[in-house]
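What follows is a short report on a single structure.
Rule-based calculations on the coordinates, nothing more; no lab input. Bear in mind the structure is a predicted one, so any value in this text is a computation, not a measurement. Cβ: placed from backbone, ideal geometry, glycine included. Neighbour counts: every protein chain shown.
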Amino acid sequence: MSDSSPLAVVDGLDVNEVKDGLIVYDPGRDRVHYLNASAAIVFTLCDGTLDEAGIATELAGAYELAQPVDAEVAACVELLRTEGLLR
C-alpha cells in the first residue's frame, strides 16, 4: 500500500447507484464516471475513516476472498485520484 492516510471523496460530486455500480458526476470538471461494482465499493469506503489497507481488507471481506487485494485497491485508488474523485 502506498498511502496510510484515510481516503475521502471530494465534495460536490453527484453520486447515483445503478444496478452494476455507481455513476459519479463531477460538475467541476463536467465529467461522468461509471464505476463497476468493485470500484463502487472502494469509492464508497473512501469515507475519511479508512486507508488503502483498511479498504483492501473490507473489499476482500465483501467478496469473501482468501487472497489479499492490496495491489488491486492501490490501482483503483490511483485511478480515482487521477480522475479527481478522491482527496
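The listed residues are 50, 65, and the only one of them that is of a type in the set (A, V, I, L, M, F, W, C), part of a loop (DSSP other than H, G, I, E, B) and more than 15 Å from residue 87 (Cβ to Cβ) turns out to be 65.
The single condition among (1) surrounded by fewer than 14 Cβ atoms within 10 Å (Cβ to Cβ); (2) under 12 Å from the mean Cα position of the chain (by Cα); (3) part of a loop (DSSP other than H, G, I, E, B) that residue 75 does not meet is (3).
Tally the residues that are surrounded by fewer than 16 Cβ atoms within 10 Å (Cβ to Cβ), touching a strand residue (DSSP E or B) at 6+ places or on another chain (Cβ under 7 Å) and outside any strand (DSSP E or B), restricting the search to the range 29-46.
1
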